[in-house]
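Below is one structure; the comments refer to it alone.
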Amino acid sequence: MLTKSLAAPPSPLSPRKRWTVLAVCALSMFLVGVDTTIVNVGLPEIGQGLDVGTRGLEWVVDAYTVMMASLLVASGALADRLGRRRVFRCGLTVFGLASLACALAPSLGVLVAARAVQGVGASMLSPVALAIVVNAMPDPRERARAIGVWASVFGLSMAAGPVTGGALIAAFGWRSVFWINAPVVVVALVLVAVFVPESRGERTRRLDLPGQVLLTVLLCLFVGLLIEGPHIGWTSPAALTGYVVTAAAAAGFVLVEQRRGEPLMDLGLFRHAPFVTAVLGATAVFVALNATLLLNTLHLQHVRGWTPLETGAVTLPMALGATLCAPWSGTLVGRLGPRRPLILAGVFITAGGLCLVNLDGDTRVPLILLAFLLIGIGFGFANAPLTNTAVSGLPPSRAGVAGAITSTARQVGAAVGIAVAGGLVAGAGPADLAAATRPGWLLVSACGLFLFLAARSAGSRPAGSS
């Protein structure tokens, strides 16, 4: 559905042009990743500027990730039909205009709405860019290395978001984290026009509008309940109504998808154990990453009184670990298969979370830096094998939608990580905040442990082997 090009004839592009296409698409993906995390470090500043609390600030992050998650598969199908480069450029334009709206937002409501539109634009970038890259890399081993580079850039963007945000906020205020997108989008649009060839899916599918509406409703309600539950009460009439409507949306989505000839999601993929564990593993990794970033921001700024720049600087070891280990992970996947990198990812993320389970105001900074380094290393090792596991062993006609569902799972994980972490500290004052974060660090460790299960289900053969 997304990348039917896996079955296409070998690409006529030269090696130099293929890697140039990868570089251009990776630049755009850097935008998507950065904007998932760049606002984390600025949430206290945004809260002061717009006079809102933690619950409202969670929506600033999750409006983006939820809209992106719900539209990823549909955007990929639209790109197969209309042309990947065309949809990619449209996504960049929407993303850029929404960024300007975020920068000018006079209130929380406008900011959240603009972030949601940003997510719409981002949904046209992530899966479509990966489809363009896969189309340019027909050799399985070269594709595995390219996915490693892709994961490296995406990992760097996610981990570098807080560092970039801290520096921008210190120099220009919180609105600058959105202004900075404008020149990058302009450069990306020019590079895409010059270097990226147009491509389409060999067989396009009809858009599944009922499935798309139900999926969007399902994700919005699910994340909304996680965010609002601590405020309204988990057993309140509003929450109980939300549970019923969420369950109805989930049931309706399954029924609709089973009856459509060309569904939004191929639910038959969930009969394959490696695919299911890869999807859940991708969700777990992004729950861990985003919970870590939010809990770190709130602890360092509210408990220790650090500035956004100082808070962002603490995440530098995470960015370093992710950047160095993601391409290494792609190489390991190509040579040894996904199992070993996933085991390494599980070890490092689990260890990073355990470092902070007794976090308090007196915890030494070197231990916090070590925890972030370990989590960054684990994040770097995780993405390439999870993507490879999701698409391996499937016929080419199903590999595209498998990759799209995995991308959706990552963004759902990001939204859930923010919602759960925010719920843990909701209402906690500076004196109680450190203790309130401790269950969050146990959650991070549990996400790392789940990767051992994903490793057990993953194949041990290298990419391209039969």
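Residue count for the stretch 333-343, restricted to those that are at pLDDT 85 or above and part of a helix (DSSP H, G or I): 5.
Residue by residue, here is whether (1) of a type outside the set (A, V, I, L, M); (2) outside any loop (DSSP other than H, G, I, E, B); (3) modelled with pLDDT of 80 or more holds:
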{"residue": "R18", "(1), (2), (3)": "yes, yes, no"}
{"residue": "L22", "(1), (2), (3)": "no, yes, yes"}
{"residue": "F30", "(1), (2), (3)": "yes, yes, yes"}
{"residue": "E45", "(1), (2), (3)": "yes, yes, yes"}
{"residue": "V61", "(1), (2), (3)": "no, yes, yes"}
{"residue": "G76", "(1), (2), (3)": "yes, yes, no"}
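Exactly one residue among A188, A251, A193 is touching a helix residue (DSSP H, G or I) at 6+ places or on another chain (Cβ under 9 Å), open to solvent by less than 60 Å² (accessible area, probe 1.4 Å) and farther than 25 Å from T37 by Cα, and that residue is A193. Of all residues in the stretch 232-261, those that are within 17 Å of L219 (Cα to Cα) have Cβ atoms under 6 Å from Cβ atoms of residues that are open to solvent by less than 90 Å² (accessible area, probe 1.4 Å) and not in a helix (DSSP H, G or I), 6 or more apart or on another chain, in E257/P263; E257/M265.
The residues listed here are I349, I368, I377, I343; of these, the one that is of a type outside the set (D, E) and open to solvent by 60 Å² or more (accessible area, probe 1.4 Å) is I343. Within the stretch 266-279, the set of residues being crowded, with 19+ Cβ neighbours inside 10 Å and hydrophobic (A, V, I, L, M, F, W, C) comprises F275, A278, V279. Counting the residues of the stretch 94-109 that are open to solvent by less than 60 Å² (accessible area, probe 1.4 Å) and in a helix (DSSP H, G or I) gives 11. Could you tell me whether the stretch 61-70 includes any residue that is small (G, A, S) and surrounded by fewer than 24 Cβ atoms within 10 Å (Cβ to Cβ)? Yes, some residue in the stretch 61-70 is small (G, A, S) and surrounded by fewer than 24 Cβ atoms within 10 Å (Cβ to Cβ).
The values are calculated or read from the model by the stated rules, or taken from the named source; none is laboratory data. This one's a predicted model, so the numbers in the text were calculated from it and none came from an experiment. For neighbour counting, all protein chains shown are included, and Cβ atoms are generated from backbone atoms with ideal geometry for every residue, glycine included. Protein only, heavy atoms only, side chains kept; ligands, DNA and RNA dropped before computing areas. Shrake-Rupley method; radii C 1.70, N 1.55, O 1.52, S 1.80 Å.
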